[in-house]
Amino acid sequence: QVQLVESGGGLVQAGDSLKLSCAASGRTVTNYAMGWFRQAPGKEREFVAGVRQIAGTTVYADSVKGRFTISRDSAKDTMYLQMNSLNPEDTATYYCAMRIGFIVDDTTRWNYWGQGTQVTVSS
């Protein structure tokens, strides 16, 4: 049974930083592609960042490139998202996800999802 549990969300001001965590149980994170997605009210869920299986190379959405950093700790089976220079447009529920294969931005192709953690950035 795979379980993904996000944590670290909260209410911050513009310009602040937050670090999200995604703890995976039941699977070894290095054997899967892992990603962060977000969904703002009234909008579709969108890809934010991903880390490829095995090699661990990363990919980012243009909107967060240079501000967000995705990483993973294989010893803890945990993935992280360091978010810097947050702005109100980053306000959303953030989800972690896991799949076998390439990183894709099609949410229907990800096999496992966490329950989400809320990030709210005030101006």
Enumeration of residues in segment 91-108 that are surrounded by 13 or more Cβ atoms within 10 Å (Cβ to Cβ) and outside any strand (DSSP E or B) = 91, 103, 104, 105, 107
Per the filter on segment 12-57, residues of a type in the set (A, V, I, L, M) and within 17 Å of the chain's Cα centre (by Cα) are 18, 20, 23, 24, 29, 33, 34, 40, 48, 49, 51
Might you let me know whether segment 20-29 holds any residue that is touching a Gly at 6+ places or on another chain (Cβ under 6 Å), modelled with pLDDT of 95 or more and open to solvent by 50 Å² or more (accessible area, probe 1.4 Å)?
-> no
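The values are calculated or read from the model by the stated rules, or taken from the named source; none is laboratory data. All of these numbers come straight from a predicted model, not from anything done at the bench. As a convention, Cβ positions derive from the backbone with ideal geometry for all residues, glycine included, and neighbour counts pool all protein chains shown. Surface accessibility is based on the protein's heavy atoms, side chains included, excluding ligands, DNA and RNA. Shrake-Rupley method; radii C 1.70, N 1.55, O 1.52, S 1.80 Å.
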